[in-house]
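Heads up: the structure comes next, in structure tokens.
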Protein chains: 2
Amino acid sequence: MLLSKLFIPVTKDLPSEAKIKSHQLMLRTGMIRQSSAGIYSWLPLGFKIMKKIEKIVREEQNNIGAQEMLMPTIQPADIWKESGRYDDYGEEMLRISDRQKREMLYGPTNEEQITEIFRSSVKSYKLLPQIFYHIQWKFRDELRPRFGVMRCREFFMKDAYSFDLTEKDAVISYNKMFFAYLKTFQRLGLKSIPMKADTGPIGGDLSHEFVILAETGESKIFADKRIFEVPINDYKNNEISLKKMRNDFMEFYAVTDDKFNADTFNQNVNKENQIQTKGIEVGHIFYFGDKYSKPMNCSVDTSDGKKTFVKMGSYGIGVSRLVGAIIEAKYNNEKMKWPKSIAPFEAVVIPALNKNDDSNLIRAKKSLR
Amino acid sequence: MLLSKLFIPVTKDLPSEAKIKSHQLMLRTGMIRQSSAGIYSWLPLGFKIMKKIEKIVREEQNNIGAQEMLMPTIQPADIWKESGRYDDYGEEMLRISDRQKREMLYGPTNEEQITEIFRSSVKSYKLLPQIFYHIQWKFRDELRPRFGVMRCREFFMKDAYSFDLTEKDAVISYNKMFFAYLKTFQRLGLKSIPMKADTGPIGGDLSHEFVILAETGESKIFADKRIFEVPINDYKNNEISLKKMRNDFMEFYAVTDDKFNADTFNQNVNKENQIQTKGIEVGHIFYFGDKYSKPMNCSVDTSDGKKTFVKMGSYGIGVSRLVGAIIEAKYNNEKMKWPKSIAPFEAVVIPALNKNDDSNLIRAKKSLR
């Protein structure tokens, strides 16, 4: 493919609602085009970058033994009524009536669907633990979609779900995913901070959000900067090492402004280690025990002949959101900067051409294919 | 990943509507699970196979210079009103009203959307020709979804769109895609027959469907068996060679039953070359000129300062459908047979194990990861 034939429709006309850099730059450089409010087409340049991010996310999920599958975008309302979330979810859920007048919806997340698959297929503790994931389009009918791909309606997300026999086992799965997330963001060239978080509408007992630093971020961050020195690559994918890893991270103060307390910050963090900045949430992990397995009756036989509800967690990374978030974290002097791992092209330096020798040009063209 | 940990929930319980082999086998071997009528989850085994098919489809699109992008699943009704298809499409279109009461729909195809992107981005003939494609979920609200993934409601499809200045150029793009389709099906281990076809609801002047042979196929096929001897690999990706290729294929009689005429068949094909069998449509290509560009006002400036509506074609391959179609074409003795190019695993032969030497087992486990 010659660069001159690449479809990269740059534009200078920006809509007034494009207020943040990533939104402006993605439109200006022809990475995306708005289809309707909060819904975008990914043009070749943006698509290439998103695909590279997806690949890294996938590889790190596979590395911890998660199995990939693909659930559909359109779900039946029934399973959401079973879990009790159908009414709770409100207007953000895109509700659809099909030609037979069945109640359907465009999935905003997949806890119910994976629980339905699991309960119909797995009867014995012997198949546990299991972690499944898929990378699929989701829809949340935001009242005011904004910030381009950062808060859009149709978005591309990796969501994983863990199934364990006991809470103790479930925490092992949780820690594996914690590890996979740190590795993923590291490979994407990002500094991420795992922070204790509220569980929100997913519910549950234990939750961390992963925040990357960006001056234009939506949340204020107060942290001990030594958290960046935790040696991610020194931990191993086993129970003890991963437990230590989570503890090592949790030793350092790191909160968003809703949990910030100046006194606690000053007591716990020396002045020279304090950082105040802004961040963007790019991942969120939850442990919620039997919150879905109990109402949906998803149980397995235990080794002593009883039944127990499986203990579940869910784990999301916003793949399309990351494209915008990386621009926010890295842009400089009105230019986007891509870590090499996800750069759409490799740079090709073409030495001055000799009219009678186009081998350099041929080489350059080849590498752009 | 150990085989014992792979999530492959085999089942013996088959729903009564699973009437054809591919549907039965895919359910029985835990490749898919029905979510609701005509909507399936792709479990790890089915997912692996579908992804391998997708990769081959993608590579052959890239080989002819098509550029990948990704359009959203949810489209605004407006563009379908511009083309005139919003009312025509009937109940097969899944119509959606969002929280702002805007009319939206789950795209069954993307002619309107790509035309909207093109008209807003390309003004000059200099950027032509262009071929774009995406591999995205589509929805057709079939009245009676059946045959598993072969006629489902939510399906995974590669659709490509070509843009040219003249009809002559457009036929070159058409022939490139014709070539890419033959290569794709060949790599999938399939014997495909390109057949002149009606253009149906897409409209237009020129169309071929690609049919693979399967005894359980939906359409009867009458053909000259010498069509399988056309040497696909001898053609080159250039105008003259590709024109010759299409002509070479068109020399041989091949029709579905709606166009069958016994006299013509006997006149044109010697008895020993006649085959009567059944087939499954796995691809369809269309040239339709300015059918969409004219009502949607998608034009470019020509070299002599005038404007002309671009000449378009569209090109579909049912990626999820192919999984079922390949089973139908290949199954034997109640067993699925996968061409090596898309087999979910490589077979591993484990010689008899010596209790004191588990190196073979270790080797086998490694290769299954």
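Quick notes on this structure:
- Inter-copy label distances for B:Phe345: 4.3 nm (label point placed 7 Å from Cα along Cα→Cβ; shortest first).
- Beta bridges assigned by DSSP with both partners in the protein assembly as shown are antiparallel in approximately 95 percent of cases.
- Summing charges over all other residues whose Cβ lies under 14 Å from the Cβ of A:Asn266, with Lys and Arg as +1 and Asp and Glu as -1, gives -2.
- Helix-only mean residue ellipticity at 222 nm for chain B, each DSSP H run of n ≥ 4 adding -39500 (n - 2.57), per residue, nearest 500: -9000 deg cm²/dmol
- Calculated label separations, A:Gln267, copies of the chain, 7 Å along the beta-carbon direction, nm: 9.8
- Annotation: extensible slack from B:Val10 through B:Ala262 equals 86.2 nm (criterion: 0.36 nm per residue apart, minus Cα-Cα distance).
- In the stretch B:204-300, the GluC sites (Glu not before Pro) that fall in loop regions by DSSP, at most 15 other Cβ within 10 Å: B:Glu215, B:Glu251
- Cα pair distances exceeding 27 angstrom across the stretch A:107-266, given as percent: 33 percent
- Considering only Cα atoms, the convex hull volume of the stretch A:220-260 works out to 74 Å³ per residue.
- For a label point 7 Å along the Cα-to-beta-carbon line of A:Lys196, residues of the stretch A:253-275 with backbone N under 12 Å: A:253-256, A:259-260
- Here the alpha carbons of the stretch A:1-89 define both size measures, Rg and Dmax, at 18.6, 54 Å.
- Over chain A, relative contact order from alpha-carbon pairs under 8 Å, at least 6 apart, %: 20 percent
- Per-residue mean of C-beta atoms belonging to partner chains within 10 Å, peptide B:7-15: 3
- Phi to ³J(HN,Hα) by Karplus 6.51 cos²θ - 1.76 cosθ + 1.60 over the stretch A:249-261, Hz, x for Gly, Pro: 5, 6, 5, 9, 4, 6, 9, 8, 4, 5, 10, 6, 9
- Rounded to 5, percent antiparallel among DSSP beta bridges of the stretch B:3-367: 95 percent
- For the stretch B:125-132, 3J(HN,Hα) per residue [Karplus equation, 6.51 cos²θ - 1.76 cosθ + 1.60, θ = phi - 60°, Hz, x = Gly/Pro]: 4, 5, 8, 8, x, 9, 10, 10
- 7 Å along Cα→Cβ, label-point gaps from A:Thr302 to other copies, nm, shortest first: 8.0
- Working from Cα pairs under 8 Å separated by at least six residues, relative contact order for the stretch A:119-167 is 46 percent.
- Dimensions in Å of the stretch B:3-367 - Rg and Dmax from alpha carbons: 22.5, 82
- C-alpha long axis of helix A:167-187 to longest principal axis of chain A, angle in °: 0 degrees
- Partner shielding of A:108-115 amounts to 1, given as the average count of beta-carbon atoms from other chains within 10 Å of each residue beta-carbon.
- For the stretch B:42-120 versus the stretch A:254-326, the spacing of their alpha-carbon centroids is 34 Å.
- A cut-off of 5 Å between modelled amide H atoms, ignoring neighbours fewer than 5 places along the same chain, links A:Arg151 with A:Arg146.
- The average projected area of the protein assembly as shown, computed from the convex hull of its Cα atoms over all directions, is 38.8 nm².
- Chymotrypsin sites (Phe, Trp or Tyr not before Pro) lying in DSSP loop within the stretch A:202-264, provided at most 14 other Cβ fall within 10 Å: A:Phe260
- For B:Glu82 and A:Arg102, a Förster radius of 35 Å and the Cβ-Cβ distance give a FRET efficiency of 0.70, rounded to the nearest 0.05.
- For the peptide A:61-74, the mean number of other protein chain Cβ atoms found within 10 angstrom of a residue's Cβ is 6.
- Ranking of A:Glu17, B:Glu328 by count of other Cβ atoms within 10 Å, fewest first: A:Glu17, B:Glu328
- Largest GNM mean-square fluctuation among A:Pro231, A:Pro339, A:Pro129, using chain A with Cα springs under 10 Å: A:Pro231.
- Phi-derived couplings, Karplus 6.51 cos²θ - 1.76 cosθ + 1.60 at θ = phi - 60°, listed residue by residue for the stretch B:16-26: 4, 7, 7, 9, 9, 4, 4, 4, 4, 5, 5 Hz, with x used for Gly and Pro.
- Inter-label distance for A:Glu251 and B:Asn238, nm, one decimal - labels placed 7 Å from Cα along Cα-to-Cβ: 6.8 nm
- For the stretch B:164-251: relative contact order, % (alpha-carbon pairs under 8 angstrom, 6 or more apart): 29 percent
Each value in this text was obtained by applying a stated rule to the coordinates, not by laboratory testing. No experiment lies behind these values; they were computed from the predicted model shown. Using ideal geometry, Cβ is built from the backbone for each residue, glycine included, and neighbour counts are taken over all protein chains shown.
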